[in-house]
Amino acid sequence: RRAAPRAGREPPPAAREPALRSASRRELPDGAARPSAALFKQLVVTALRELHGEVGAALPVDVLTYEEKTMSAILRVISSGFVKLWSALTLLGFYQNRRCAFRVLQTSPFLLALSGNSRELVLD
Amino acid sequence: GTSKQIKVLNRLTLVVSDPSHCNLLRSTSTNIRLYDIIAVFPKTEKLFHIACTTLDVDLVCINVTEKLPFYFRRPPVNVAIDRGIYFELIYAPAIKDSTMRRYTISNAISLMQICKGKVSSRRGNQVVNSNASGPLELRGPYDVANLALLFGMSERDAKAAVSTNCRATLLHGETRKSACGVVYTVKKPRKVEEEETTVPACKKAKTQA
């Protein structure tokens, strides 16, 4: 099952805005075990540690929602750590010695904006 | 709306470790003309200088899998940018191995310090290797643009690195095939009511007087 990749990037929020949310989806080769929510969070922290070290792993990241069926989640991070989190997710290659890929679908400072994706609109 | 068909282009990457390998590019053989984009991968500093200044290519690949044996110098890089040649960084090794990740980022940062922004980042040709892991090493365009931020580019350059610079390389390839250059035109819808009001104000005053 390969969904068409979509990602959005809003202009960076004002300095007062503490959090940024991103909706991201994982893809695994078919037949692999799907991770649970706790394992997903551990995966995110591992990705941060691999790329940005202990300081990166200490970045406060929250998994707001997680759907096991589609393996997609909404993550929340402080805006100063946004680039670190996104780059760490992009460069993650392996999960339990299997290849995997992260795709960030949408990013926004507001949770309401994640309910609709303008990139999925189709022209008639 | 209607979408255009996907155009599949051909690309040739020449790995040169010896000056005699460049003879293929210098001679106008028919094999070279079959490819839309020609890239060269120099292994020594002298070849890097030759590739930037004299060779007829569209892209110069920067090695990311090992520490660069030479440092970049500003003169050949500036000449290459003036000629319209872009430098290429691949990110697929960075996904596989942590050592490669370090080399990728360090080489990219040293390149960025020298040429300050006119870089195009692309994916590696890993799709050919195996069935399952091929597509999984690709990343979306905004993800790659974010990676370019890690390499030290500004946000505008990072987005340009996956969009406008790539298109510029394609046009450069087309230019190389033709004799003098390429003009790309786009049809713009014309407004009819504008024509009546385009008389400049000074002209109006003269006719009235």
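The values are calculated or read from the model by the stated rules, or taken from the named source; none is laboratory data. Computed from a predicted model, the values in this text were never measured in an experiment. FYI the Cβ positions are ideal-geometry reconstructions off the backbone, even for glycines, and counts take in every protein chain you see.
Annotations for the structure displayed:
- In segment B:137-164, the residues that are of a type in the set (Phe, Trp, Tyr) and within 8 Å of another protein chain (Cβ to nearest Cβ): B:Tyr142
- Qualifying residue in segment A:60-68 (condition: within 14 Å of another protein chain (Cβ to nearest Cβ), modelled with pLDDT under 90, farther than 22 Å from B:Tyr142 by Cα and part of a loop (DSSP other than H, G, I, E, B)): no
This table checks each residue for (1) under 23 Å from A:Pro35 (Cα atoms); (2) within 8 Å of chain B (Cβ to nearest Cβ).
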| position | (1), (2) |
| --- | --- |
| A:Ala73 | yes, no |
| A:Val77 | yes, no |
| A:Gly81 | no, no |
| A:Ala101 | yes, yes |
| A:Leu112 | no, no |
| A:Glu120 | no, no |
| A:Leu123 | no, yes |
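- The lone exception for A:Val83 - which of (1) surrounded by 13 or more Cβ atoms within 10 Å (Cβ to Cβ); (2) touching a residue at least 12 places away in the same chain (Cβ under 8 Å) it fails: (2)
- Residue satisfying condition, being within 15 Å of A:Ser87 (Cβ to Cβ), buried (at least 17 other Cβ atoms within 10 Å of the Cβ) and either at pLDDT 70 or above or more than 8 Å from chain A (Cβ to nearest Cβ) (or both), within set B:Ile105, B:Ile109: B:Ile105
- The residues of segment A:83-99 that are out of contact with any Gly (no Cβ under 7 Å at 6 or more places or on another chain) and within 7 Å of another protein chain (Cβ to nearest Cβ), listed by number, are A:Val83, A:Trp86, A:Ser87, A:Thr90, A:Leu91, A:Gly93.
- With respect to the conditions (1) closer than 29 Å to B:Thr104 by Cα; (2) charged (D, E, K, R); (3) surrounded by fewer than 17 Cβ atoms within 10 Å (Cβ to Cβ); (4) within 14 Å of chain B (Cβ to nearest Cβ), A:Glu54 lacks only one, and its number is (4).
- Being more than 16 Å from A:Leu92 (Cα to Cα), in a helix (DSSP H, G or I) and modelled with pLDDT of 65 or more is a description that applies to A:Val55.
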